[in-house]
Amino acid sequence: MTKIGIILGSTRPGRNGEAVARWVYDLAAQRTDAEFELVDLLDYDLPHLDEPVPPARGQYSRPHTFRWAEKIASFDGFVMVTPEYNHSTSGALKNAIDFLYAEWNNKAVGFVGYGAVGGTRAVEHLRLIAAELQMADVRAQVALSVLTDFENFSVFKPSAVHAGHLSDVLDQVVAWSAALAPLRATA
């Protein structure tokens with residue numbers, strides 16, 4: 001069965017992303033077309049990139065990198081839940097992505113962003129990063145506003161329309177993950 005990782009891309013204390021990622025997981029877990037797992041960056045305690053050799057060479061030397069690589073390699077695709085900080089994604093998510101290379105290749109990725117303008121600028125940056133990592137980013141995305149989808153900017157109360165948008169993201173990520181399976185098999 002296709003396995004999709006839902007990556008919680010914020011490690012900030014009091015982060016809104018935890019509720020958003022849980023919402024994504026809870027809706028995804030109702031599906032029968034793939035297996036979904038919530039991956040919290042806090043559980044991996046990655047320092048700033050500390051590998052001496054570029055990740056594209058696959059010559060990891062740190063235990064935390066091996067652990068992270070094993071987790072990411074286990075998935076066929078991803079949904080990245082990202083905040084928008086200063087017109088981009090979080091430093092924690094960018095750092096976690098930068099640790100690896102081959103483990104991301106030939107996998108689908110969809111995005112759920114949140115912020116003042118729905119995290120759309122963070123998602124734009126992640127799409128460029130995904131292209132460099134040979135990932136297939138799907139068109140659909142979820143854009144959650146801290147102004148309208150959070151009470152007092154902190155209590156997550158998404159508008160009902162977002163469940164349909166998330167369903168579109170999941171449909172596309174699952175379909176593209178399956179379609180890319182032959183490429184992953186030959187890599």
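The values are calculated or read from the model by the stated rules, or taken from the named source; none is laboratory data. Not measured: the values here are computed from a predicted model. When we count neighbours, we look across all protein chains shown, and the Cβ atoms used for this are built from the backbone with ideal geometry, even at glycine.
Restricting attention to region 73-100, report how many residues are surrounded by fewer than 21 Cβ atoms within 10 Å (Cβ to Cβ) and closer than 19 Å to Val173 by Cα.
So the answer is 2.
Only residues that are acidic (Asp, Glu) and in a loop (DSSP other than H, G, I, E, B): list them for region 88-117, please.
Glu103
Would you please name the residue that is surrounded by the most Cβ atoms within 10 Å (Cβ to Cβ), looking only at residues in region 140-184 that are among the hydroxyl-bearing types (Ser, Thr, Tyr) and over 19 Å from Glu124 (Cα atoms)? Don't jump to the end; show me each part of the working.
If we filter region 140-184 for residues that are among the hydroxyl-bearing types (Ser, Thr, Tyr), which is where we start, we get 145, 148, 154, 159, 167, 177.
Pick out the ones that are also over 19 Å from Glu124 (Cα atoms) and you get 148, 154, 159, 167, 177.
Details: Thr148: 11, Ser154: 11, Ser159: 11, Ser167: 16, Ser177: 25.
By that ranking, first place goes to Ser177.
For region 104-115, which residues satisfy the criterion of being of a type outside the set (Ser, Thr, Tyr), surrounded by 20 or more Cβ atoms within 10 Å (Cβ to Cβ) and at negative phi?
Hits for region 104-115 are Trp104, Lys107, Ala108, Val109, Gly110, Phe111, Val112, Gly113.
Here's a check for you: in region 28-65, which residue that is part of a loop (DSSP other than H, G, I, E, B) and among the hydroxyl-bearing types (Ser, Thr, Tyr) is nearest to Met80 (Cα to Cα)?
Tyr44
Out of all the residues in region 5-15, is one or more out of contact with any Lys or Arg (no Cβ under 8 Å at 6 or more places or on another chain), among the basic types (Lys, Arg), surrounded by 12 or more Cβ atoms within 10 Å (Cβ to Cβ) and at negative phi?
The answer is yes; a qualifying residue exists.
Exactly one of these conditions fails for Val169: (1) modelled with pLDDT under 95; (2) of a type outside the set (D, E, K, R); (3) within 19 Å of the chain's Cα centre (by Cα). Give me its number.
Every condition holds for Val169 apart from (1).
Could you grab me the full set of residues in region 150-163 that are within 20 Å of the chain's Cα centre (by Cα) and in a loop (DSSP other than H, G, I, E, B)?
Result: Pro158, single match.
Can you spot a residue in region 58-72 that is over 15 Å from Trp104 (Cβ atoms) and touching a Ser or Thr at 6+ places or on another chain (Cβ under 9 Å)? Spell out the reasoning first.
Residues of region 58-72 that are over 15 Å from Trp104 (Cβ atoms), as a first pass: 59, 61-64, 66-67.
Adding the requirement that they be touching a Ser or Thr at 6+ places or on another chain (Cβ under 9 Å) leaves none.
No, region 58-72 contains no residue that is over 15 Å from Trp104 (Cβ atoms) and touching a Ser or Thr at 6+ places or on another chain (Cβ under 9 Å).
Of the conditions (1) out of contact with any strand residue (DSSP E or B) (no Cβ under 7 Å at 6 or more places or on another chain); (2) within 30 Å of Pro52 (Cβ to Cβ); (3) touching a residue at least 24 places away in the same chain (Cβ under 8 Å), Val109 satisfies every one except a single condition; which number is it?
The single condition Val109 does not satisfy is (1).
Hey, can you tell me all the residues within region 116-139 that are touching a His at 6+ places or on another chain (Cβ under 9 Å) and either surrounded by 22 or more Cβ atoms within 10 Å (Cβ to Cβ) or within 14 Å of Trp176 (Cβ to Cβ) (or both)?
Ala122
Go through (1) within 19 Å of Asp149 (Cα to Cα); (2) within 16 Å of the chain's Cα centre (by Cα); (3) not aliphatic (A, V, I, L, M) for Glu35 and report which single condition fails.
Of the numbered conditions (1) within 19 Å of Asp149 (Cα to Cα); (2) within 16 Å of the chain's Cα centre (by Cα); (3) not aliphatic (A, V, I, L, M), the odd one out for Glu35 is (1).
Of everything in region 73-87 that's touching a helix residue (DSSP H, G or I) at 6+ places or on another chain (Cβ under 8 Å) and in a loop (DSSP other than H, G, I, E, B), which residue is nearest to Phe36 (Cα to Cα)?
Among them, the one singled out is Asp76.
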